[in-house]
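One structure below.
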Amino acid sequence: MGGASQSRVVFSGDETSFEGTLIVEGGGFASARLGPELQLQRGVEVLVLEASSDGRLGYKLTLTSAATPDGVSYQFTLPQLGEKREKVRMPLDQFKPSYRGRAVPDAPPLRAAEVQGMGLMLSRYEGGGGEGKQPIAPGDFWLRLRRLEATESELTLNGRRWVQCDAPTNE
């Protein structure tokens, strides 16, 4: 997907590669959907991705939700990754809703129990749509995924949310 751009997902050994050729004239993005459906357990608040890339900016992980109309995706823009694998923490509340490259400000918050699909994207457009464009060069690209984990927030223990407060002071 992505106009004139070409992309594919390749499963090889212990890695999944999102690769292709980005064409910026008349579009500026390439995308692919992964697998059939994705289901996250209730209580998941963070995804952790272990990945490496060709060093480009503009890679995104996208999620779809049963709570939104078809075509709306929630996007998380990955930081610039190099050839060495890195772990990226992606809190669900930091995914931005988008429809065909435009922000969807009235979309409901992304909830784990409503997630139903996942995809990958390389886009010169800012996360969540909008007019802002990143200076991403056209040409061949690759992003390699090693592992994706779903977890609770670091403030959650045994299914309960815990926040440490400072002890009150007596003045």
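In the set R42, R56, only one residue is more than 12 Å from the chain's Cα centre (by Cα), surrounded by 13 or more Cβ atoms within 10 Å (Cβ to Cβ) and part of a loop (DSSP other than H, G, I, E, B); that residue is R56. Only residues that are under 14 Å from the mean Cα position of the chain (by Cα), under 27 Å from E25 (Cα atoms) and in a strand (DSSP E or B) were counted in the stretch 88-124, giving 9. In the stretch 24-44, the residues that are over 22 Å from L143 (Cβ atoms) and in contact (Cβ under 8 Å) with a residue 60 or more places away in the chain reach residues that are in a loop (DSSP other than H, G, I, E, B) and of a type in the set (K, R) with C-beta atoms within less than 9 angstrom, at least six apart or across chains, in these pairs: R42/R111.
How many residues does the stretch 73-87 contain that are surrounded by 13 or more Cβ atoms within 10 Å (Cβ to Cβ) and either more than 10 Å from the chain's Cα centre (by Cα) or not in a strand (DSSP E or B) (or both)?
Looking only at that region, the number is 4.
For first residues located in the stretch 75-101 and over 14 Å from V46 (Cα atoms), partners that are of a type in the set (S, T, N, Q) and surrounded by fewer than 20 Cβ atoms within 10 Å (Cβ to Cβ) and lie 6+ apart or on another chain with Cβ distances below 8 Å form the pairs L81/S52; G82/S52; E83/S52; K84/S52; R85/S52; E86/S52; P97/T68.
For every residue, the table says whether it meets (1) among the basic types (K, R); (2) modelled with pLDDT of 90 or more.
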site: M1; (1), (2): no, no
site: G26; (1), (2): no, no
site: V44; (1), (2): no, yes
site: S53; (1), (2): no, yes
site: R100; (1), (2): yes, no
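Of the listed requirements (1) surrounded by fewer than 18 Cβ atoms within 10 Å (Cβ to Cβ); (2) under 16 Å from W142 (Cβ atoms); (3) in contact (Cβ under 8 Å) with a residue 60 or more places away in the chain, L49 misses just one: (1). Quick check: is even one residue across the stretch 3-24 in contact with a helix residue (DSSP H, G or I) (Cβ under 7 Å, 6 or more places away or on another chain) and closer than 19 Å to R144 by Cβ? Among the residues of the stretch 3-24, not one is in contact with a helix residue (DSSP H, G or I) (Cβ under 7 Å, 6 or more places away or on another chain) and closer than 19 Å to R144 by Cβ, which makes the answer no.
Filter the stretch 9-23 for residues that are of a type outside the set (V, I, T) and either touching a strand residue (DSSP E or B) at 6+ places or on another chain (Cβ under 6 Å) or part of a strand (DSSP E or B) (or both); which is farthest from R85 (Cα to Cα)?
First, the residues of the stretch 9-23 that are of a type outside the set (V, I, T): 11-15, 17-20, 22.
Checking the rest, the ones that are also either touching a strand residue (DSSP E or B) at 6+ places or on another chain (Cβ under 6 Å) or part of a strand (DSSP E or B) (or both) come to 11-12, 15, 17-20, 22.
On the way: F11: 17, S12: 16, E15: 11, S17: 13, F18: 15, E19: 16, G20: 20, L22: 22 Å.
Of everything passing the filter in the stretch 9-23, L22 is farthest from R85 (Cα to Cα).
Can you say whether G26 is more than 19 Å from the chain's Cα centre (by Cα) and either surrounded by 14 or more Cβ atoms within 10 Å (Cβ to Cβ) or in a loop (DSSP other than H, G, I, E, B) (or both), as far as the supplied structure shows? Considered against the rule, which asks whether it is more than 19 Å from the chain's Cα centre (by Cα) and either surrounded by 14 or more Cβ atoms within 10 Å (Cβ to Cβ) or in a loop (DSSP other than H, G, I, E, B) (or both), G26 comes out as yes.
The values are calculated or read from the model by the stated rules, or taken from the named source; none is laboratory data. No experiment lies behind these values; they were computed from the predicted model shown. Note: ideal-geometry Cβ built from the backbone for every residue, glycine included; neighbour counts use all protein chains shown.
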